[in-house]
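Reviewing the structure listed below.
The values are calculated or read from the model by the stated rules, or taken from the named source; none is laboratory data. Note that the structure is a prediction, hence the values are computed from the model and not measured. Here Cβ is always computed from backbone atoms with ideal geometry, including for glycine, and neighbour counts include all displayed protein chains. Note: areas computed on protein heavy atoms with side chains; ligands, DNA, RNA excluded. Shrake-Rupley method; radii C 1.70, N 1.55, O 1.52, S 1.80 Å.
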Amino acid sequence: MLHIKCPHCGLRSQNEFSYGGDGTVKRPELNKEVPDKEWDTFVYLRKSPRGKHIELWHHISGCRQWIKVERDTATHEIFKTSKANEDI
Amino acid sequence: MTPLSALENIHKKGLFGEHESKEQKDLIKISEIKNLLIVQVVQYKKSNVSLKDIKIDGLNLSSEALKVTSNKDTRILWTGPNNWLLVSEKKEILKNIKNDFKDSDFAVTDLSHSRAIIQLEGKNSIEVLKKGCPFNFNEIEKNVCINSVFNGITITIDMIEDNSIKIRLFALRSFGESLYHSVTDACLEFGYKNI
């Protein structure tokens, strides 16, 4: 089981969190014509790296905030966490 | 019309579990807390209102994580950034709350009928919680509240007393019976008294 340090609540069990996917994906700019390929890439294409990965997690049974987590996908070691609106 | 509490049909008074050969003071006491005013207060992100200027029943909203501010009747629990749960025996303060928290800055929701509240008292109460909740209870002290899970049910834990341990568990009303069964199952080995 992972222990994730929520930037708001402190160290908590993974049971309280829900995984939210790749934290580096940027949505195409609003109110701008987006080519199909760019939209397809945004919606469907994800990297599956072995090693450090920046992820979004939702502290769904805690403070209900989204956070960013830098985690090693091979060892599950967590290096850093930050608020969703901060750079990690 | 008398309102029905969340655990009205399942919480029965008496002694249960392995209570024989144990002194009454060593048993866990379980009670349902009802007829409280429960209000969720959320400050909007765009709001610039200073929290120092607002007092409810003489209490400020604390922006310190996990902190509970309290007096004899009212407790204000921090449940997330800009998010509080106000629990009070004084139902009449709802009017003040609605006046003091302006619509343009705060969302105020009366949750009085949508929560089940179970109160545990006794030295083994923490051991009971450890069975179903992954939180490190060595860190908990008086006037600290946490949101967590108990056997998969999302709960809010409010530590009222840490000497003679007294803890309140809040869950969604619809999960109340399920949580009650989970908690009472966990209490069986210690013996418990429903009051």
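Between rounded, prolate and oblate, where does the protein assembly as shown land on the alpha carbon gyration tensor, with a ≥ b ≥ c its root eigenvalues, rounded for a/c under 1.5, else prolate if a/b exceeds b/c? Since a/c reaches 1.5 but b/c is at least a/b, the shape of the protein assembly as shown is classed as oblate.
Where both bridge residues fall in the protein assembly as shown, DSSP classifies roughly 95% of the beta bridges as antiparallel. Only Lys, Arg, Asp and Glu carry charge here, each on its Cβ (+1 for the first two, -1 for the last two); on that basis region B:22-114 has a dipole of about 60 debye about its Cα centre. Taking both sides together, the accessible area buried where B meets A is about 900 Å² for a 1.4 Å probe.
To the nearest ten degrees, helix B:176-187 and the longest principal axis of the Cα atoms of chain B are 40 degrees apart.
Shielding by partners for peptide A:55-67, expressed as the average number of C-beta atoms from other protein chains within 10 Å of each residue's C-beta, is 3. The charge dipole of chain B, taken about its Cα centre with unit charges on the Cβ atoms of Lys, Arg (+1), Asp and Glu (-1) only, comes to about 420 debye.
About its Cα centre, the protein assembly as shown has a charge dipole of approximately 300 debye under the convention of +1 per Lys or Arg Cβ and -1 per Asp or Glu Cβ, with nothing else charged. For region B:37-110, the relative contact order is 43 percent, taking Cα pairs closer than 8 Å that sit 6 or more residues apart in sequence and dividing their mean separation by the residue count. Once divided by 2.2 N^0.38 Å, the Cα radius of gyration of chain B becomes 1.06. Absence of a disulfide-compatible partner, taken as no other cysteine beta carbon within less than 4.7 angstrom, is noted in chain A for A:CYS63. Taking B:SER182, B:SER125, B:SER104 as the candidate residues, the one with maximal mean-square fluctuation in a Gaussian network model of chain B, Cα springs under 10 Å, is B:SER104. Each other residue within a Cβ distance under 14 Å of A:LYS80 adds +1 if Lys or Arg and -1 if Asp or Glu, for a net charge of -1. Count the net charge of all other residues whose Cβ sits under 11 Å from the Cβ of B:ASP73, scoring Lys and Arg as +1 and Asp and Glu as -1. Net charge around B:ASP73: +1.
For the protein assembly as shown, adding -39500 (n - 2.57) for each run of n ≥ 4 DSSP H residues and dividing by the number of residues yields -3500 deg cm²/dmol at 222 nm.
Applying the criteria of a DSSP loop state and at most 15 other Cβ atoms within 10 Å to the GluC sites (Glu not before Pro) of region B:86-179 yields B:GLU89, B:GLU92, B:GLU141.
Rolling a 1.4 Å probe over the protein heavy atoms gives region B:37-110 an accessible area of 53 Å² per residue.
In region A:1-66, a dipole from Cβ-located charges (positive for Lys and Arg, negative for Asp and Glu) runs towards its positive end, and of A:ASN31, A:HIS3, A:SER48 it is A:HIS3 whose Cα lies farthest in that direction. Taking all protein chains together, A:GLU70, A:GLU16, B:GLU20 sort by accessible area into B:GLU20, A:GLU70, A:GLU16, largest first [probe 1.4 Å]. Other residues lying with their Cβ under 12 Å from the Cβ of B:CYS145 contribute a combined charge of +1, Lys and Arg counting +1, Asp and Glu -1.
Rounded to the nearest 10 square angstrom, A:MET1 shows an accessible area of 150 square angstrom against a 1.4 Å probe.
Averaged over its residues, chain A has an accessible area of 68 Å² per residue, based on protein heavy atoms and a 1.4 Å probe.
Taking a ≥ b ≥ c as the square roots of the eigenvalues of the Cα gyration tensor, an a/c ratio of 1.5 or more together with a/b no larger than b/c marks region B:37-110 as oblate. Here the accessible area is traced with a 1.4 Å probe on the protein chains. For the protein assembly as shown, carbon and sulfur cover 47 percent of it.
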